[in-house]
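Enquirer: Pasting a structure below so you can have a look.
The values are calculated or read from the model by the stated rules, or taken from the named source; none is laboratory data. Predicted model, so just to flag it, every value in this text is computed and none were measured. With ideal geometry, Cβ positions are generated from the backbone for all residues, glycine too; neighbour counts draw on all protein chains shown. To get the accessible areas, we keep the full protein, side chains included, count just its heavy atoms, and leave off ligands, DNA and RNA. Shrake-Rupley method; radii C 1.70, N 1.55, O 1.52, S 1.80 Å.
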Amino acid sequence: MPVKTSLKENVSIALQSIAGNRLRTSLTSLIIAIGIMALVGILTAIEGVKTSVNNAFAGLGANSFTIQNRGSGLDFGNGGHDKVYPAISYDQADRFKKKFALPALTEVNLSVTGTAIAKYGNKKTNPNISVTGSNENYVATSGYKLAFGRNFSSAELEHGESVVMIGNEIKKKLFKDEDPINKEIFIGSTQFRVIGAFATKGSSAGFGGDKFCIIPVLRAKQIDPDTNKTFTVTIQVSNPEALEATIGEATSLFRNVRDLNVTSDNNFEIERSDSIQQQLSGNLTAMTAGGAVIGAITLIGAAIGLMNIMLVSVTERTREIGLRKALGATPAVIRKQFLIEAIVICLIGGVLGIILGMAVGNLIAVNISGSFVAPWVWLFWAIVLCTVIGLVSGYYPAKKASKLDPVEALRYE
């Protein structure tokens with residue numbers, strides 16, 4: 001007479017079988033763990049970078065734009081090249097700033113280098129310091145705040161004096177707990193007097209983190225050896241609703257500054273801060289999809305390995321299956337026991353894989369961007385995925401076990 005068993009009894013029998021075959025269970029769970037670790041690790045790392053990118057641009061807001069002679073170039077792997085227009089000279093940028101009459105903050109910038117060394121006494125930084133020339137509006141438009149000192153004065157900007165505002169990383173490296181204000185430091189071979197130090201903003205900020213220094217834009221023009229140097233102009237409006245009108249007015253004025261006639265196309269680019277963020281988010285979304293595909297391929301291999309081991313398990317336990325059937329276990333009971341066993345093994349591997357994946361993914365994310373994340377959505381789907389893998393991989397072996405003839409199974413050697 002067939003014997004009915006409850007879900008609790010089926011789970012108990014499956015767990016007894018798992019406990020009785022620890023080595024096989026461990027190896028099978030490890031296969032699943034590696035697959036889940038690859039999936040969760042990749043997606044956690046990407047999620048950390050995405051969070052840092054969003055935090056970096058949050059300080060800029062959606063109410064600023066930049067005039068430059070080329071596109072942003074934020075194109076990961078698409079092989080495209082932005083058109084490069086004639087360089088924007090200092091005179092053009094300065095003339096624009098003086099003539100732009102709308103209520104907005106105008107910042108003129110020149111990127112000098114990204115590989116400078118800052119020195120103070122016998123202390124020096126690594127050769128990864130970025131040097132940028134700017135004006136009094138940098139503090140207001142960049143999202144950084146001064147922790148020590150002050151902003152540039154009008155006289156310092158007008159005469160291009162050798163003064164500098166330094167990032168927190170430079171302050172910590174060269175001065176530690178010492179007050180950096182009015183100290184003389186060398187940036188490359190040029191001596192500067194420190195007038196301000198920025199509060200930390202983390203490595204996500206503009207991808208340069210706190211390893212940067214700001215000098216008067218005219219001084220940057222004097223020390224930059226590039227003969228074809230190009231400046232950028234950043235405009236920030238106080239009201240986001242006025243952004244479109246401000247872009248239109250800025251475009252018209254800059255065309256006049258560049259001496260373009262009515263029929264000529266613009267020979268400069270207008271780059272909105274929110275469009276850069278959207279480009280980056282789009283690229284990171286594509287990277288997330290790619291990471292998910294790579295993880296899925298790994299999990300398919302893990303599912304095949306699990307199915308193979310479950311089939312071996314059916315062969316090894318043929319006599320046991322025959323005995324259970326002889327005692328009244330129905331094919332449905334046998335099938336459920338094997339499916340539960342496969343799912344439990346998957347969940348054990350899944351939990352281990354999630355722990356390892358979060359550790360590896362956050363290790364990468366923290367080193368790249370400084371952000372620790374817990375991708376709860378992906379973790380939930382990882383558990384669901386483990387259950388599905390257990391069902392799919394265990395179904396055929398469970399079906400095969402449930403169809404064994406009890407007499408033949410009992411005779412199996």
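Enquirer: Any chance you could count how many residues in the range 118-176 are charged (D, E, K, R), touching a residue at least 60 places away in the same chain (Cβ under 8 Å) and out of contact with any strand residue (DSSP E or B) (no Cβ under 8 Å at 6 or more places or on another chain)?
Expert: So the answer is 1.
Enquirer: Still on this structure: With the condition kept exactly as written, say whether any residue in the range 143-153 is modelled with pLDDT of 95 or more and of a type in the set (Phe, Trp, Tyr).
Expert: Yes, the range 143-153 contains at least one residue that is modelled with pLDDT of 95 or more and of a type in the set (Phe, Trp, Tyr).
Enquirer: Also: Return the residues of the range 344-399 that are over 28 Å from the mean Cα position of the chain (by Cα) and surrounded by fewer than 17 Cβ atoms within 10 Å (Cβ to Cβ); say none if nothing qualifies.
Expert: Thr387, Val388, Leu391, Val392, Tyr395, Tyr396, Lys399
Enquirer: Next up: Could you grab me the full set of residues in the range 253-263 that are surrounded by fewer than 17 Cβ atoms within 10 Å (Cβ to Cβ) and among the charged types (D, E, K, R)?
Expert: Within the range 253-263, just Asp259 meets the criteria.
Enquirer: Tell me, which residue of the range 137-168 that is under 16 Å from Pro180 (Cα atoms), among the hydrophobic types (A, V, I, L, M, F, W, C) and open to solvent by 50 Å² or more (accessible area, probe 1.4 Å) is farthest from the chain's Cα centre (by Cα)?
Expert: Phe148
Enquirer: Now for a separate question. Could you tell me which of the residues Leu253, Leu339, Leu299 is in contact (Cβ under 8 Å) with a residue 40 or more places away in the chain, assigned to a helix (DSSP H, G or I) and either in contact with a strand residue (DSSP E or B) (Cβ under 7 Å, 6 or more places away or on another chain) or under 15 Å from Lys399 (Cα atoms) (or both)?
Expert: Going through Leu253, Leu339, Leu299 in turn, the sole match is Leu339.
Enquirer: With respect to the numbered conditions (1) in a helix (DSSP H, G or I); (2) in contact with a strand residue (DSSP E or B) (Cβ under 7 Å, 6 or more places away or on another chain), which one is the sole condition not fulfilled by Asn109?
Expert: If we test Asn109 against (1) in a helix (DSSP H, G or I); (2) in contact with a strand residue (DSSP E or B) (Cβ under 7 Å, 6 or more places away or on another chain), just (1) comes out false.
Enquirer: Taking Ile223, is it open to solvent by 20 Å² or more (accessible area, probe 1.4 Å), hydrophobic (A, V, I, L, M, F, W, C), under 30 Å from Lys98 (Cβ atoms) and touching a residue at least 40 places away in the same chain (Cβ under 8 Å)?
Expert: For Ile223, the condition - open to solvent by 20 Å² or more (accessible area, probe 1.4 Å), hydrophobic (A, V, I, L, M, F, W, C), under 30 Å from Lys98 (Cβ atoms) and touching a residue at least 40 places away in the same chain (Cβ under 8 Å) - is met.
Enquirer: Just checking, which of Gly48, Gly35, Gly73 is modelled with pLDDT under 90 and not in a helix (DSSP H, G or I)?
Expert: After ruling out the rest, the residue left standing is Gly73.
Enquirer: To continue, here is another question. Against the condition buried (at least 17 other Cβ atoms within 10 Å of the Cβ) and either part of a strand (DSSP E or B) or at pLDDT 80 or above (or both), how does Ser29 come out, does it pass?
Expert: yes
Enquirer: Then there's this: If I filter the range 309-317 for residues that are open to solvent by less than 60 Å² (accessible area, probe 1.4 Å), in contact with a Lys or Arg (Cβ under 6 Å, 6 or more places away or on another chain) and part of a helix (DSSP H, G or I), do I get at least one hit?
Expert: yes
Enquirer: Among the candidates Ala87, Ala147, which residue alone is within 24 Å of Lys201 (Cα to Cα) and of a type outside the set (Ser, Thr, Tyr)?
Expert: Exactly one residue qualifies, and that residue is Ala147.
Enquirer: Report whether or not Ala62 is modelled with pLDDT under 75 and either of a type outside the set (A, V, I, L, M, F, W, C) or touching a Phe, Trp or Tyr at 6+ places or on another chain (Cβ under 8 Å) (or both).
Expert: Criteria not met by Ala62.
Enquirer: Let me ask something else about it. From the residues in the range 231-252 that are touching a Leu at 6+ places or on another chain (Cβ under 9 Å) and farther than 17 Å from Ser142 by Cα, which one is surrounded by the fewest Cβ atoms within 10 Å (Cβ to Cβ)?
Expert: Ala245
Enquirer: If a residue has to be touching a Gly at 6+ places or on another chain (Cβ under 8 Å) and open to solvent by 10 Å² or more (accessible area, probe 1.4 Å) to count, how many in the range 169-199 make the cut?
Expert: 2
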